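A quick write-up on the structure given underneath.
What follows draws every value from the coordinates through simple rules; no lab data is involved. Since we're looking at a predicted model, the values are computed, not measured. Neighbour counts run over all protein chains shown; Cβ positions are idealised from the backbone, glycine included.
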Amino acid sequence: MKPLEQKKIVKRVRGFLDKQSHNYRMMIVRTAGAHFLYNLTGQYTSIYTKALGADNILIGLISSFSAFISMLISMPVGYITDKYNLRYVLGAGMFLNIVMIGLYAFAHDWRWIFIAMAINPITMALMFRSQQVIITNGLRDEDRATGMGLRMQIAYLLGLASPVVGAYIVNYMGGLTVEGIRPLYYIRFVGLIIAYSFVYLKTDNVAPQPREKSSAGFVQDFKEVLETGGNKLKTMIVVGALGAFVWSILENFAYLYAEEIKGADAYILGLMPTCETIAYLLFSTTMNRLADTRGRKFAFIAIRPGLWLSFIIAILAQNPYWLLVAWFLRGAALSTSAYNTLFMELVPAEQRGRWMGLSNTFSAMMRIIAPVLGGFLYDSSLPWLIFAVPLAVDMLLRVPILYKWVPETLQNTP
């Protein structure tokens, strides 16, 4: 890219950011810092847990227990998100996230990971839902997918190098062992303390959105969301639950599969998320502008076959280098914020916390079942089923249901 073109891009991005709220920019800082640090460890989580004494079934059970906690707290946190100052909710989530990573960093055996995973759904619910509402409410309809996508583009750009840096540290410290991986969690722990302290101190208070109707109590408030949204929300709950099933089968075992079945070493494991990030950065701007012009559903579905092809390549890969291609296609398929934008726009601004809590309750039910199923599939004589089953569910159920029964939310689409 020529220097003049680079300057134009930087100027456009700066101009877009200048139009947005201070808190939106702070959420970019939070996401970018956290993503950089996550990319140091993300591909080693299951390998680290296994090295601490867990087997494949136990890894799945730990995730299932985490999902059970998520199911229990999802609606209460959604209620809190619509009712209280979002800065405080975000701060509580960030604090618990630091505690969780501290448990990983100082773990003596897999039971420490079990405790960390019990905390994980609480921190994710508090932090991500408050952040999502802050961002969604702070962006105009015509900028929303672009704004959500730009936040992730900046995060992915910052995190581009961290998987390779992580791989180098792991290799230098002794390879894919507990003591080889542990230093990455030390770095992430200290990094989160610094980043989250800065974000919390700089974020402005966010009062709850004014409501058309006064609260009629916990249960009635959630009924109000469903009554307002009708069948489209019920359908989207199904779509979200199927998505949770797809990713929960995979997430604990994809990198174990890469190492144990396809022979990937620390460097290949580090390059896989790097390839995913490069693809995300290449496609994100185009796909998010498409979501803001042609429609959220159009942008999401148009690029989804890339994910299906990535699953097929992971199954058929003759050597670990093919996994780099698979993860590149995966990054391209995940490069649009269209789905999250569509999801948030299905309800009015004052209902978004409760809507996320309601939907995630049902998604968490699937995340209880799916990791255990993933463990059994991976332990079987056909470990590639951890990709084949999600492929079938996503291609034959989830996307067709979304296409046929969930309405487009972008107004005046062609």
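Brief remarks on what is shown
- Global form of the range 1-101, assessed from the alpha-carbon gyration tensor, a/c cut-off 1.5: oblate
- 0 to 90° range, to nearest 10: angle between helix 305-316 axis and the chain longest Cα axis: 10
- For the listed residue pairs Lys234/Lys404; Lys232/Lys297; Lys19/Lys202, the alpha carbons are within 24 angstrom of each other in every case.
- Per the Cα gyration tensor, the range 74-164 maps to an equivalent ellipsoid with semi-axes of 27, 21, 9 Å, ordered largest to smallest.
- Whole-Hz ³J(HN,Hα) from phi, Karplus 6.51 cos²θ - 1.76 cosθ + 1.60, for the range 121-136, glycine and proline x: x, 6, 5, 5, 5, 5, 6, 6, 6, 5, 4, 4, 5, 4, 5, 4
- Listed by chain and number, the aspartates and glutamates whose C-alpha is less than 18 Å from the C-alpha of Lys7, apart from same-chain residues fewer than 8 away, are Asp18.
- Residues whose placed amide H lies under 5 Å from that of Thr409, excluding near-sequence neighbours: Arg296, Lys297
- Estimated from helices alone, the mean residue ellipticity of the chain at 222 nm is -25500 deg cm²/dmol (sum of -39500 (n - 2.57) over DSSP H runs with n ≥ 4, per residue).
- The range 200-319: C-alpha pair distances exceeding 26 Å, %: 51
- The long axis of helix 231-250 is offset from the longest Cα principal axis of the chain by roughly 10 degrees.
- Within the chain, the longest run free of trypsin sites (Lys or Arg not before Pro) that sit in a DSSP loop with at most 14 other Cβ atoms within 10 Å is 214-414.
- Interatomic Cα distance distribution for the chain, bins of 20 angstrom, percent: 26, 63, 12, 0
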